[in-house]
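Undergrad: Can you read through this structure? Questions will come right after.
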Amino acid sequence: MKPDRIGTDVQRELARFGPAESMSEIVRAWPAAVGDQIARNAWPARLARDRTLYVATSSSAWAFELAQLEPKLLEPLREALGETAPAALRFAPGPLPEPAPPPADERKRPPPKPSAEQERRAHELAAEIESEELRKSVEKAAQMSLARASDDRAAC
């Protein structure tokens, strides 16, 4: 079977169960319609027969805040989904999907190594501190700060 035929078959089978067939379309449209921050804290859970979309939220505070925004959230969903858009939204705390791992270029990288010049400058900055323990801590922090400031990568 071709992949597009499988998709058509799956959609036809899901249509037998009422409004749930449009859940895949809702889930696909959700992040773009509501924005990244809301999508990280609220996710479509189920679609009732009356086309009310029940949305799981990360907390009761998110559920309350999003309930206040329901009309503003429904508008972009209706634009994106047309007739398959939910009729209403209901929010309650519940499980959210695991977030996708960040792209490889955004993953945390080890901090840059300070150059000999940066180590010398950090030593000069901390030299007047009387406490040896504090002086070493400040010197190390200054080295890392100087190395990061001159590093061409984004801050970690």
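Undergrad: Residues to consider are A154, A127, A142, A147; find the one that is over 29 Å from the mean Cα position of the chain (by Cα), modelled with pLDDT under 90 and not aromatic (F, W, Y). Walk me through how you get there before you give the answer.
TA: Numbers: A154 fails: over 29 Å from the mean Cα position of the chain (by Cα); A127 fails: modelled with pLDDT under 90; A142 fails: modelled with pLDDT under 90.
One residue alone meets the criteria, A147.
Undergrad: Further question: Does K136 meet the test of being of a type in the set (K, R), open to solvent by 50 Å² or more (accessible area, probe 1.4 Å) and within 24 Å of A32 (Cα to Cα)?
TA: Numbers: of a type in the set (K, R): yes; open to solvent by 50 Å² or more (accessible area, probe 1.4 Å): yes; within 24 Å of A32 (Cα to Cα): no.
Judged against the criteria, K136 is not a match.
Undergrad: Let me ask another. Looking only at residues that are free of Cβ contacts under 8 Å to residues at least 12 places away in the same chain and more than 10 Å from L96 (Cβ to Cβ) in the stretch 37-63, which one is surrounded by the most Cβ atoms within 10 Å (Cβ to Cβ)? Let's see the steps before the verdict.
TA: First pass over the stretch 37-63, keeping only residues free of Cβ contacts under 8 Å to residues at least 12 places away in the same chain: 37, 39, 61.
Narrowing the set further to residues that are more than 10 Å from L96 (Cβ to Cβ) leaves 37, 61.
Details: Q37: 8, A61: 11.
Per the criteria, the residue is A61.
Undergrad: Oh, and also: For residues that are in a loop (DSSP other than H, G, I, E, B) and of a type in the set (A, V, I, L, M, F, W, C), scanning just the stretch 88-133, find the one that is nearest to R78 (Cα to Cα).
TA: Taking the stretch 88-133 as the starting set, the residues that turn out to be in a loop (DSSP other than H, G, I, E, B) are 94-103, 107-115, 127-131.
Restricting the remaining residues to those that are of a type in the set (A, V, I, L, M, F, W, C) gives 96, 100, 127, 129.
Details: L96: 23, A100: 26, A127: 64, I129: 64 Å.
It comes out as L96.
Undergrad: Condition check: under 21 Å from P97 (Cβ atoms), over 15 Å from the mean Cα position of the chain (by Cα) and of a type outside the set (S, T, Y). Does E75 satisfy that?
TA: Working: under 21 Å from P97 (Cβ atoms): no; over 15 Å from the mean Cα position of the chain (by Cα): yes; of a type outside the set (S, T, Y): yes.
Here the answer is no, as E75 does not meet what is asked.
Undergrad: Shifting gears a bit: Kindly list the number of the only condition in (1) over 25 Å from S58 (Cβ atoms); (2) open to solvent by less than 60 Å² (accessible area, probe 1.4 Å); (3) not β-branched (V, I, T) that fails for L81.
TA: Every listed condition holds for L81 apart from (1).
Undergrad: Another question, then. Any residue at all in the stretch 100-116 that's more than 30 Å from Q143 (Cα to Cα) and open to solvent by 60 Å² or more (accessible area, probe 1.4 Å)? Step through it out loud before you land on a result.
TA: Applying the first criterion (more than 30 Å from Q143 (Cα to Cα)) to the stretch 100-116 yields 100-101.
When the remaining residues are screened for being open to solvent by 60 Å² or more (accessible area, probe 1.4 Å), the result is 100-101.
Yes - at least one qualifying residue is present in the stretch 100-116.
The values are calculated or read from the model by the stated rules, or taken from the named source; none is laboratory data. These numbers were taken from a predicted model, which means no experiment stands behind them. Every residue, glycine as well, gets a Cβ built from its backbone with ideal geometry; the counts of neighbours run over all protein chains shown. Side chains included, ligands, DNA and RNA excluded: accessible areas come from the protein's heavy atoms. Shrake-Rupley method; radii C 1.70, N 1.55, O 1.52, S 1.80 Å.
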